[in-house]
Amino acid sequence: MSANNETQSNPLNSVKWIITFSLLVIAIGGNHYFAEQVSVLYRAIGVVILVGLAGLMAATTIRGQQFLSFAKESRTEIRKVVWPSRQEATQTTAIVVVATVIVALVLWGLDGILVRVVGFLTGLEI
């Protein structure tokens, strides 16, 4: 991203961001304000609509367009990932579980030894 792109941004972007944040504040404030008077269903619908409008407004800004472009590229890249087979995943999980148990037993043994050594040196047997 170049500095020229940032300095040449449209002043309308600031207005769009203000509207976006205003819609979000209205959604939060309205949900809190109408907590006792209005059904949860109607409040949830109102919040979803306002958040959707805020998202659409944010998507029309330069940063929003960059984010959408990044999301599309990320989705393309995630399709290229080679996922492990079920057998590979199971074997790797088993190795991790066995290693964790071994390390836990070693630490438990060291803890027991250190408690006895410190108890012997200090005279405080537990």
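The values are calculated or read from the model by the stated rules, or taken from the named source; none is laboratory data. Fair warning: this is a prediction, and the values are worked out from it, not measured in the lab. Cβ: placed from backbone, ideal geometry, glycine included. Neighbour counts: every protein chain shown.
Things to note:
- All of (1) in a helix (DSSP H, G or I); (2) in the same structural domain as PRO11 (by TED's automatic domain parsing); (3) farther than 20 Å from LEU24 by Cβ hold for VAL96 with one exception: (2).
- Candidates GLU88, GLU73, GLU77, filtered to the one that is among the acidic types (Asp, Glu) and exposed (fewer than 10 other Cβ atoms within 10 Å of the Cβ): GLU77
- Residues in segment 66-92 that are of a type in the set (A, V, I, L, M, F, W, C) and under 30 Å from GLY55 (Cα atoms): 6 in all.
- Residue in segment 65-72 that is without any contact (Cβ under 8 Å) to a residue 12 or more places away in the chain, among the basic types (Lys, Arg) and over 30 Å from VAL15 (Cβ atoms) present: no
- Selection count where residues are surrounded by 12 or more Cβ atoms within 10 Å (Cβ to Cβ) and not hydroxyl-bearing (Ser, Thr, Tyr), scope segment 6-43: 17
- Hits in segment 19-59 - residues which are among the hydroxyl-bearing types (Ser, Thr, Tyr), closer than 29 Å to SER69 by Cβ and free of Cβ contacts under 8 Å to residues at least 24 places away in the same chain: SER22
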